[in-house]
Amino acid sequence: MSVEKLSDAIGMFSDRILQEADALRGRKRANKAAIRFVAIAACVAVVVLTGVAYLSRDVELPVEPIEPEVTEEPIIVDEPVIEEEEPITEDVIEPDTTPTYEDDSVWDGNYEVMPEVSVSEGGDSNYAFIETTYIEGIGNIPGVFSDYIGWEATKEWLDEYKSTNLVYTSVAESANLYSFILYFDIPDEDVWEMLRSLQLGLTDGELTDEEIELILSRDNEAIAAYFAADTTIVKGENIYSLYWIYCHSIEDYIAEGITQEDIAEILPKFDEVYLNNAARQAITAKLTDYINGDY
């Protein structure tokens, strides 16, 4: 039954009840209890019919979507198995790192006059051979020191005392930071201030407090032993580079107190430097003869 039809029925029923009530009031025999009963019946009828109408209305219930069942196990699709090819490996040939000088020079058998060596070939290995005497720390003159003395004075000193001149071997004379301080008589407090600026990273390079104290101790032998490069021979306060060894004779070795054991220890270092064929043959023969006593 539609809501409209129920509404009409309720209206008709209500009118009928009211008519009955009016009729009862018109009769003398009617009492108050009867009238009250008719009124209550009318109200109950209205309530009942209203509830029926409410329940009879079209109600649209929500429909929950039905999800398809999903199996827990995944569907496995067979795929062709592709076998990976093993990479083709080739034997790696390690390069020979021994510096060589491609030339056809041949040593004449006389090491009293050593073959000339190139000062412009070989890069770092050439520098290690000709220039290196000291470890990093005192091997170079920091800019703060050359600024303190002045570049012109620094250059004149360097030209005179650089180790490649092969004149000075003492750590207190051949060009280094320690001999620079001694030569120009720089006060200790100024040395401390400039070397501390290196520690603070204000300029390139750095020395520890202990190394600064060693420099200011003026102990030549201790300074030489500590700051000499591992490609040198140290005798007291004197330091002999590979270049010095190359250029000097066996008689010079003996005069400076350089022993056969010292030469045997330094000989492998020449394998690391850049020499032409004649130079390498000459230095190898000279040092081997001295080690074996054949001179």
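Filtering the range 146-168 to residues that are touching a residue at least 12 places away in the same chain (Cβ under 8 Å) and out of contact with any Ser or Thr (no Cβ under 8 Å at 6 or more places or on another chain) leaves Tyr148, Ile149, Ala153, Trp157, Leu158, Thr164, Leu166.
When Ser241 is tested against (1) at pLDDT 95 or above; (2) of a type in the set (S, T, N, Q); (3) within 24 Å of Val167 (Cβ to Cβ), exactly one condition is not met: (1).
Selection over the range 169-206 of residues that are modelled with pLDDT of 95 or more, over 27 Å from Gly257 (Cβ atoms) and part of a loop (DSSP other than H, G, I, E, B) gives a count of 4.
Within the range 270-280, identify whether any single residue is open to solvent by 50 Å² or more (accessible area, probe 1.4 Å) and at pLDDT 95 or above, and answer yes or no.
Filtering the range 270-280 down to residues open to solvent by 50 Å² or more (accessible area, probe 1.4 Å) leaves 271-272, 274, 277, 280.
This time we only want the ones that are at pLDDT 95 or above, so: none.
No, the conditions are met nowhere in the range 270-280.
Only residues that are assigned to a loop (DSSP other than H, G, I, E, B), more than 41 Å from the chain's Cα centre (by Cα) and buried (at least 18 other Cβ atoms within 10 Å of the Cβ): list them for the range 215-266, please.
Keep residues of the range 215-266 that are assigned to a loop (DSSP other than H, G, I, E, B), which gives 217-219, 229-232, 236-237, 241, 248-249, 257-259.
If we keep only those that are more than 41 Å from the chain's Cα centre (by Cα) too, we end up with 236, 248-249, 257-259.
Answer for the range 215-266, where residues must be assigned to a loop (DSSP other than H, G, I, E, B), more than 41 Å from the chain's Cα centre (by Cα) and buried (at least 18 other Cβ atoms within 10 Å of the Cβ): just Ile258.
Selection of the range 266-286 for residues being of a type outside the set (D, E, K, R), within 15 Å of Asn110 (Cβ to Cβ) and in contact (Cβ under 8 Å) with a residue 24 or more places away in the chain yields Ala278, Ala279, Gln281, Ala282, Ile283, Ala285.
Scanning the range 152-176 for residues that are open to solvent by less than 70 Å² (accessible area, probe 1.4 Å) and within 15 Å of Glu237 (Cα to Cα) yields Ser163, Tyr168, Thr169, Ser170, Val171, Ala172, Ser174, Ala175, Asn176.
Right, Ala285: among the small types (Gly, Ala, Ser) and more than 27 Å from Trp157 (Cβ to Cβ) or not?
Numbers: among the small types (Gly, Ala, Ser): yes; more than 27 Å from Trp157 (Cβ to Cβ): yes.
So Ala285 fits the description; yes.
Criterion first (under 45 Å from the mean Cα position of the chain (by Cα) and over 23 Å from Tyr161 (Cβ atoms)) does Ala285 satisfy it? Answer is no for this residue.
The values are calculated or read from the model by the stated rules, or taken from the named source; none is laboratory data. Quick caveat: nothing in here was measured; it's all calculated off a predicted structure. Using ideal geometry, Cβ is built from the backbone for each residue, glycine included, and neighbour counts are taken over all protein chains shown. With ligands, DNA and RNA removed, areas are computed over all heavy atoms of the protein, side chains included. Shrake-Rupley method; radii C 1.70, N 1.55, O 1.52, S 1.80 Å.
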